[in-house]
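K.L.:
Before I ask anything, let me first share the structure, which is written out below as structure tokens.
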Amino acid sequence: MDVNTEKKVEHTFKAPRGTEDILPTKWALWRNLEEAGRHEFELCGYYEIRTPIFEDTRLFIRSIGEATDIVEKEMYTFSDSEDSSITLRPENTAPVMRAYLEYELYKTKKFQKFYYIGPQFRKERPQAGRLRQFHQMGIEAVGAAAPLLDVETISVATRIFDRIGLKGYKVKINSIGCEQCRPVFRNILKEKLCEHEKALCELCQSRLNRNVFRILDCKNDACKTVSHHMPSINDYLCEACQSHAKSVREALLEIGIPYIADAHLVRGLDYYTKTVYEITHASLGARDAICAGGRYDNLISDIGGPSIGSVGFAIGMEATILALENVMARHKSVSQEVCGPSPSIYVVSISEETKKHGFCLLNILRNANLSADFDYEGRSLKAQMRTANKLGVKYVIVLGPDELARGDVKIKVMETGEEIVLKQNEVPKWFLNKNLSTMG
RNA sequence: GUGAGCGUAGCUCAGUUGGAUAGAGCAUUAGACUGUGGCUCUAAGGGUCGCGGGUUCGAAUCCCGUCGCUCACCCCA
């Protein structure tokens, strides 16, 4: 029983910085989210795809952009003893596209819808809901340019949040134009901002040359004042982008998804075009996004494929679960200890001799697809009853020397305290008539 | 990567201007007429006070370093 070892081990291990163990007490939340995701993805015609955890480093450099922070300092990159450099995937869009191209899926069917669920890696300073190994589930609708498809992806995300009962999320949407109109706007914006250069914070002054659009998103009050007087991207969208944006917004209203048009919403990655969106939850503080996505009409051609439009999103699972926990804590409706399903039956036996028979009975129950568990610690009857109670089982089977001698068992119905005596060979049948679910 | 705050039992936290065997609640385990759970009562186990160094007669408390966590920034698939 003594859990402590006599020998002190001088070094104990911890999960690496920025990683997290998901303990059994938390799994119900994760499973819930995953199942909600799968349900909605498949309901909407998306098919699961699993790509490798690591990829050729060049894939991410090409797709994400060489000059981005992600590529410059946040990737887990190493060489695998040959001349090749590999990288733990920092996102899942490029890998899905790579697979789409590698198997030339566009040749059999140009338009395809994929979903994925899995870990992603990014070496950065850990923060709440932001880890070095984190999990995303997302979709990629590849091969169509219709604005309605953008709307479908948004609706898939909100369906998932609705299904898990997450209240209070906000959909923010913007259009960042295409290769035609974005550069025009960028130049004008840059010109206008340069006029107010001295009013901007130090960081934004450097942004003038690196990433002008980010200035619109700066939290500094002075910068906010300046950007308030700046023109909006919406005034500079080309005709195609304008009508695309209009269609998206109309369709969102049509199907009843409220959104906030946020002209300051920008994207860090080069491959985004036209629609960008973000779903946020206010309970999360500064880093409040639980889902981010948009259209990327240039990505496939960027990585060597045909020119095919696509749209997709990724949901941050840690962030979503945090938001869900915050909401639950506020409503105090769910206990903090969230556990998975318990078995339905607990087999209690009293002596060494009856333990052997109890163990056989346990296996008979399991063979009949009844969920059941058993005491391996040799604890007292009372202790076993306590455990059964804590597990929340519906029934306890008591098999003591008396029962053994008579060839029967006692079944206790935990809810009522009622006890029933049965012949041992009648036990599985009795339970099967109870129509117990296989788990809990 | 930058800045700030925090680090005491499994968990949530007390710990007075540095002072004696470091506490509580919850959880765990065991008992309360010997084969029965929940409620109640009683008791027990569990901490080199994150780690290392320094100041001091004396450090959980002060100083330095280190690791980790948290929050914000950078950035964000």
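K.L.:
Give just the number: which of (1) in contact (Cβ under 8 Å) with a residue 40 or more places away in the chain; (2) part of a helix (DSSP H, G or I); (3) open to solvent by 10 Å² or more (accessible area, probe 1.4 Å) does A:Lys172 not satisfy?
P.N.:
Among (1) in contact (Cβ under 8 Å) with a residue 40 or more places away in the chain; (2) part of a helix (DSSP H, G or I); (3) open to solvent by 10 Å² or more (accessible area, probe 1.4 Å), the lone unmet condition for A:Lys172 is (2).
K.L.:
Looking at A:Ile164, A:Ile188, A:Ile154, A:Ile160, can you tell me which residue is touching a residue at least 40 places away in the same chain (Cβ under 8 Å) and within 15 Å of RNA strand B (Cβ to nearest atom)? Write out each step before concluding.
P.N.:
Working: A:Ile164 fails: within 15 Å of RNA strand B (Cβ to nearest atom); A:Ile188 fails: within 15 Å of RNA strand B (Cβ to nearest atom); A:Ile160 fails: within 15 Å of RNA strand B (Cβ to nearest atom).
None of the other options fit; the residue is A:Ile154.
K.L.:
Filter the range A:217-236 for residues that are within 34 Å of the chain's Cα centre (by Cα) and part of a loop (DSSP other than H, G, I, E, B); which is surrounded by the fewest Cβ atoms within 10 Å (Cβ to Cβ)? It would help to see each step written out before you state the result.
P.N.:
So the first thing to find is which residues in the range A:217-236 are within 34 Å of the chain's Cα centre (by Cα), and the list is A:217-221, A:223-224, A:227, A:232-234.
Now drop any that are not part of a loop (DSSP other than H, G, I, E, B), which leaves A:217-220, A:232.
Details: A:Asp217: 16, A:Cys218: 18, A:Lys219: 8, A:Asn220: 16, A:Ser232: 14.
If we take residues in the range A:217-236 being within 34 Å of the chain's Cα centre (by Cα) and part of a loop (DSSP other than H, G, I, E, B), then A:Lys219 is surrounded by the fewest Cβ atoms within 10 Å (Cβ to Cβ).
K.L.:
Return yes when A:Arg214 is without any contact (Cβ under 8 Å) to a residue 60 or more places away in the chain, open to solvent by 40 Å² or more (accessible area, probe 1.4 Å), within 13 Å of RNA strand B (Cβ to nearest atom) and charged (D, E, K, R) and no when it is not.
P.N.:
Details: without any contact (Cβ under 8 Å) to a residue 60 or more places away in the chain: yes; open to solvent by 40 Å² or more (accessible area, probe 1.4 Å): yes; within 13 Å of RNA strand B (Cβ to nearest atom): yes; charged (D, E, K, R): yes.
For A:Arg214, the condition - without any contact (Cβ under 8 Å) to a residue 60 or more places away in the chain, open to solvent by 40 Å² or more (accessible area, probe 1.4 Å), within 13 Å of RNA strand B (Cβ to nearest atom) and charged (D, E, K, R) - is met.
K.L.:
Report, by residue number, each residue of the range A:102-125 that is assigned to a helix (DSSP H, G or I) and polar (S, T, N, Q).
P.N.:
Of the range A:102-125, the ones assigned to a helix (DSSP H, G or I) are A:102, A:105-108.
Within the range A:102-125, A:Thr108 is the sole residue that qualifies.
K.L.:
Give the residues of the range A:396-419 that are under 23 Å from A:Ala383 (Cα atoms) and open to solvent by less than 40 Å² (accessible area, probe 1.4 Å), sorted by residue number.
P.N.:
Selection gives A:Val396, A:Ile397, A:Val398, A:Leu399, A:Gly400, A:Glu403, A:Asp408, A:Val409, A:Ile411, A:Val413, A:Gly417.
K.L.:
Please specify each residue of the range A:176-193 satisfying the condition of being farther than 30 Å from A:Ser307 by Cβ and open to solvent by less than 60 Å² (accessible area, probe 1.4 Å). Lay out the reasoning, then the answer.
P.N.:
Let us first name the residues in the range A:176-193 that are farther than 30 Å from A:Ser307 by Cβ, namely A:191-193.
Within the range A:176-193, A:Leu193 is the sole residue that qualifies.
K.L.:
So, in the range A:302-324, of the ones that are over 14 Å from A:Met97 (Cα atoms) and among the β-branched types (Val, Ile, Thr), which residue ends up nearest to RNA strand B (Cβ to nearest atom)?
P.N.:
The residue in question is A:Ile315.
K.L.:
Please go through the range A:368-398 and give me each residue that is near RNA strand B (Cβ under 7 Å from one of its atoms) and outside any helix (DSSP H, G or I), ordered by number. Steps first, please.
P.N.:
Kept after step one, since they are near RNA strand B (Cβ under 7 Å from one of its atoms), are these residues of the range A:368-398: A:379-383, A:385-390, A:396, A:398.
Once the filter is applied, which keeps residues that are near RNA strand B (Cβ under 7 Å from one of its atoms) and outside any helix (DSSP H, G or I), the range A:368-398 yields A:Arg379, A:Ser380, A:Val396, A:Val398.
K.L.:
For the range A:132-147, check the following and say yes or no: at least one residue is touching a Leu at 6+ places or on another chain (Cβ under 7 Å), over 19 Å from A:Asp302 (Cβ atoms) and either part of a strand (DSSP E or B) or open to solvent by 40 Å² or more (accessible area, probe 1.4 Å) (or both). Reasoning before the result, please.
P.N.:
Step one: list which residues in the range A:132-147 are touching a Leu at 6+ places or on another chain (Cβ under 7 Å), which gives A:141.
Still in the running and over 19 Å from A:Asp302 (Cβ atoms): none.
No, the conditions are met nowhere in the range A:132-147.
K.L.:
Tell me which of these A:Glu254 doesn't satisfy, since it passes every other one: (1) without any contact (Cβ under 8 Å) to a residue 12 or more places away in the chain; (2) closer than 17 Å to A:Gly65 by Cβ.
P.N.:
(2)
K.L.:
Just checking, which of A:Glu325, A:Glu353 is at pLDDT 70 or above, open to solvent by 40 Å² or more (accessible area, probe 1.4 Å) and over 30 Å from A:Met385 (Cβ atoms)? Break it down into steps so the answer makes sense when it comes.
P.N.:
On the way: A:Glu353 fails: over 30 Å from A:Met385 (Cβ atoms).
Result: A:Glu325 is the single residue among A:Glu325, A:Glu353 that is at pLDDT 70 or above, open to solvent by 40 Å² or more (accessible area, probe 1.4 Å) and over 30 Å from A:Met385 (Cβ atoms).
K.L.:
Pull up the range A:148-162, narrow it to residues that are of a type in the set (S, T, N, Q) and touching a Phe, Trp or Tyr at 6+ places or on another chain (Cβ under 8 Å), then point me to the one that is surrounded by the fewest Cβ atoms within 10 Å (Cβ to Cβ).
P.N.:
Top of the filtered list is A:Thr158.
For every residue, the table says whether it meets (1) charged (D, E, K, R); (2) modelled with pLDDT under 90.
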position	(1), (2)
A:Ile70	no, yes
A:Pro90	no, no
A:Met97	no, no
A:Glu124	yes, yes
A:Val142	no, no
A:Phe161	no, no
A:Lys170	yes, no
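K.L.:
Okay, moving on. Please work out which residue is farthest from A:Tyr296 (Cα to Cα), limiting yourself to the range A:65-90 and to residues that are charged (D, E, K, R) and open to solvent by less than 30 Å² (accessible area, probe 1.4 Å).
P.N.:
Step one: of the range A:65-90, the residues charged (D, E, K, R) are A:66, A:69, A:72-74, A:80, A:82-83, A:89.
From what is left, the residues that are open to solvent by less than 30 Å² (accessible area, probe 1.4 Å) are A:74, A:89.
On the way: A:Glu74: 22, A:Arg89: 18 Å.
Here the residue is A:Glu74.
K.L.:
Taking the stated definitions as given, is A:Ile260 modelled with pLDDT of 85 or more, under 26 Å from the mean Cα position of the chain (by Cα), more than 15 Å from RNA strand B (Cβ to nearest atom) and hydrophobic (A, V, I, L, M, F, W, C)? Break it down into steps so the answer makes sense when it comes.
P.N.:
Working: modelled with pLDDT of 85 or more: yes; under 26 Å from the mean Cα position of the chain (by Cα): yes; more than 15 Å from RNA strand B (Cβ to nearest atom): yes; hydrophobic (A, V, I, L, M, F, W, C): yes.
Yes.
K.L.:
Using beta carbons and a limit of 6 Å, which pairs, at least six apart or on different chains, have the first residue in the range A:285-307 and without any contact (Cβ under 8 Å) to a residue 60 or more places away in the chain and the second one among the acidic types (Asp, Glu) and open to solvent by 30 Å² or more (accessible area, probe 1.4 Å)?
P.N.:
Between residues of the range A:285-307 that are without any contact (Cβ under 8 Å) to a residue 60 or more places away in the chain and residues that are among the acidic types (Asp, Glu) and open to solvent by 30 Å² or more (accessible area, probe 1.4 Å), the close pairs are A:Ala289/A:Glu278; A:Ala292/A:Glu278.
K.L.:
Counting only residues that are charged (D, E, K, R) and closer than 21 Å to A:Phe185 by Cα, which one in the range A:198-211 is least open to solvent (accessible area, probe 1.4 Å)? Spell out the reasoning first.
P.N.:
As a first pass, look at the range A:198-211 and keep what is charged (D, E, K, R): A:198, A:202, A:207, A:210.
So of that shortlist, the ones also closer than 21 Å to A:Phe185 by Cα come out as A:207, A:210.
Working: A:Arg207: 44, A:Arg210: 161 Å².
Here the answer is A:Arg207.
K.L.:
Quick check: is even one residue across the range A:192-201 in contact with a Pro (Cβ under 9 Å, 6 or more places away or on another chain) and of a type outside the set (Ser, Thr, Tyr)? Before you say what the answer is, go through the steps one by one.
P.N.:
Applying the first criterion (in contact with a Pro (Cβ under 9 Å, 6 or more places away or on another chain)) to the range A:192-201 yields A:192.
Now restrict to residues that are of a type outside the set (Ser, Thr, Tyr): A:192.
So far as the range A:192-201 goes, yes, one or more of its residues are in contact with a Pro (Cβ under 9 Å, 6 or more places away or on another chain) and of a type outside the set (Ser, Thr, Tyr).
K.L.:
Right, something else. Here's a check for you: in the range A:263-301, which residue that is within 29 Å of A:Asn326 (Cβ to Cβ) and open to solvent by 50 Å² or more (accessible area, probe 1.4 Å) is nearest to RNA strand B (Cβ to nearest atom)?
P.N.:
A:Ala286
K.L.:
Mind checking which pairs have a first residue in the range A:55-71 that is within 10 Å of RNA strand B (Cβ to nearest atom) and a second that is among the aromatic types (Phe, Trp, Tyr), Cβ under 8 Å, 6 or more apart or different chains?
P.N.:
Here the result reads A:Ser63/A:Tyr271; A:Ile64/A:Tyr271; A:Gly65/A:Tyr271; A:Ile70/A:Phe60; A:Val71/A:Phe60, each pair linking the range A:55-71 to a residue that is among the aromatic types (Phe, Trp, Tyr).
K.L.:
While we're here: When only residues in the range A:92-108 that are within 11 Å of A:Thr51 (Cα to Cα) and open to solvent by 10 Å² or more (accessible area, probe 1.4 Å) count, which is farthest from RNA strand B (Cβ to nearest atom)? Working first, answer last.
P.N.:
As a first pass, look at the range A:92-108 and keep what is within 11 Å of A:Thr51 (Cα to Cα): A:92-100.
So of that shortlist, the ones also open to solvent by 10 Å² or more (accessible area, probe 1.4 Å) come out as A:93, A:98.
On the way: A:Thr93: 5, A:Arg98: 14 Å.
The selected residue is A:Arg98.
The values are calculated or read from the model by the stated rules, or taken from the named source; none is laboratory data. Just so we're clear, the structure is a prediction, and the values are computed from it rather than from any experiment. Heads up, the Cβs are rebuilt from the backbone with ideal geometry, glycines too, and the neighbour counts pull from every protein chain shown. Keep in mind that these areas ignore ligands, DNA and RNA; they rest on the heavy atoms of the full protein, side chains included. Shrake-Rupley method; radii C 1.70, N 1.55, O 1.52, S 1.80 Å.
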